[in-house]
Amino acid sequence: MVPDDASAEFHDFFERHYAELARFAHLLTGDAHGGDDLAADALLALWQRWDRLRQAEYPLAYARGVVANLARSRIRSAVRERRRIALFWSRGAEPMHGPDVAAVVDVRTALARLPFRKRTCVVLRYAFDLSEKDTALALGISVGTVKSQTSKGMAELERMLDSTGSAGELFVGRRSR
């Protein structure tokens, strides 16, 4: 059992970071409700280790890593399920929900086509405005890997979106920290 002061610390951590973690998961998976679920699952995992994690220097970076790993697992599971379904049913066009404009839909589609690590680096760097160091810390990779994956990911996005020119505009505050 975690002591009461640890419970209060975790509650504070939850209140400060749940929305950001849910948004991060949403951008990685493309599913808002699934993003909420992933953030909740990640925070549950953190709570179960909170007695050790609360002593860590960067608990938020660890939390982002947990969300990224859970998102990767969910995406892989969904891909396997879609392949199984495709064997039996022809798949129709997916309906669009909400007031998305064409450029946002194009960027979301392009993001979904990026390999997971590139997508995660691009999302953390540009959508969450994290530094290269913080992104590396969250993903457990080197700063050099963050630089190369982000650069390659943005180049792929720009190629996919060359007709719309939306890649640079959507990620406000492009930076080179």
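The numbers here are math on the coordinates, done by the rules we state, and not lab data. Being a predicted model, the structure only gives us computed values, none of them experimental. Note that we place each Cβ from the backbone using ideal geometry, even for glycine, and neighbour counts take in every protein chain shown.
Quick rundown of the values:
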{"quantity": "Estimated distance in nm for a label pair at S7 and E20, the labels positioned 7 Å out from Cα along Cα-to-Cβ", "calculated": "2.6"}
{"quantity": "Eligible aspartates and glutamates near K133 by straight Cα distance, threshold 16 Å, same-chain separation 8 or greater", "calculated": "E57"}
{"quantity": "Those GluC sites (Glu not before Pro) in segment 1-75 that DSSP places in a loop and that have at most 12 other beta carbons within 10 Å", "calculated": "E57"}
{"quantity": "15 Å beta-carbon shell around D12, net charge (K/R +1, D/E -1)", "calculated": "-3"}
